Amino acid sequence: PGGGLIGMRTRSLRSLCCFLVLFSASVIAAAQTRRDALLEYRQGNYAEAVEICTAEIAETPTNMDSYAVLCWSLVALGKHDEAANFAVQARSINRYDPRIVEVLGEARFHQGRNEEALKLFQEYVTLAPEGGRLDVAYYFMGEIYARLGRYRHADIALSTAVRHAPGNAKWWTRLGYAREKANDARYAVGAYEKALGIDPQSVDAQRGLERKQRAVLVERD
């Protein structure tokens, strides 16, 4: 009888061990899938990232990491309406996830919903004052202010963006444009020159520089 009991316990222990091994493997596999979604996004494989994240959300509808990577990928694919829809869905789960706030701002920007996008970027800056996409948020705020004809505000926002990302020639060019429209010819020249120092092939920066150099000469005369 004792041997039978020991045998039963041994079989039970083996079954438990098998279960734990299989369970651990499933957990590791799930974690690997989540890492792969972000990896695919970082490697520019946006469609693959969307597929992975969609499956993750179907399995775990409250997975904010999956929502974030999904929305980033959809924006990168130019699918701004889909990105906005998923971001709104994610905000119903966690309204204050800064990643979702920022990417919804991007989607709204591309949809032309300027005032809403501006508020979202401002909210992101408040929620994540040292966030990883702070430079991007300020860049988009600058673009929105430029769209609205508020060029002084655009100057401030774009100046902040290039302070966080000084090697971005496009943003320096846009800063030059904002300053040009605000009638700050000399400061516009400085921004265009900075852009050309980073990217000498920038046509927009070269044209802007030539325009404002002529304007500065006229001012001196």
- Query: Cys18 passes all but one of (1) farther than 26 Å from Ala87 by Cα; (2) at pLDDT below 50; which number fails?
  - Reply: (2)
- Message: Looking only at residues that are of a type outside the set (S, T, N, Q) and out of contact with any helix residue (DSSP H, G or I) (no Cβ under 6 Å at 6 or more places or on another chain) in segment 105-124, which one is most open to solvent (accessible area, probe 1.4 Å)?
- Response: Lys119
- Query: What do you reckon, is Leu158 within 14 Å of Arg174 (Cβ to Cβ) and either buried (at least 20 other Cβ atoms within 10 Å of the Cβ) or of a type outside the set (A, V, I, L, M) (or both)?
  - Reply: yes
- Given the structure, is Arg163 within 21 Å of Gln122 (Cβ to Cβ) and basic (Lys, Arg)? yes
- Message: Give all pairs with beta carbons closer than 6 Å in which a residue from segment 56-75 that is more than 22 Å from Gln111 (Cβ to Cβ) and in contact (Cβ under 8 Å) with a residue 12 or more places away in the chain meets a residue that is of a type outside the set (S, T, N, Q) and surrounded by 24 or more Cβ atoms within 10 Å (Cβ to Cβ); count only pairs at least 6 apart in sequence or on separate chains.
- Response: Ser66/Cys53
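The values are calculated or read from the model by the stated rules, or taken from the named source; none is laboratory data. All of these numbers come straight from a predicted model, not from anything done at the bench. Cβ atoms come from the backbone with ideal geometry, glycine included; neighbour counts cover every protein chain shown. To get the accessible areas, we keep the full protein, side chains included, count just its heavy atoms, and leave off ligands, DNA and RNA. Shrake-Rupley method; radii C 1.70, N 1.55, O 1.52, S 1.80 Å.
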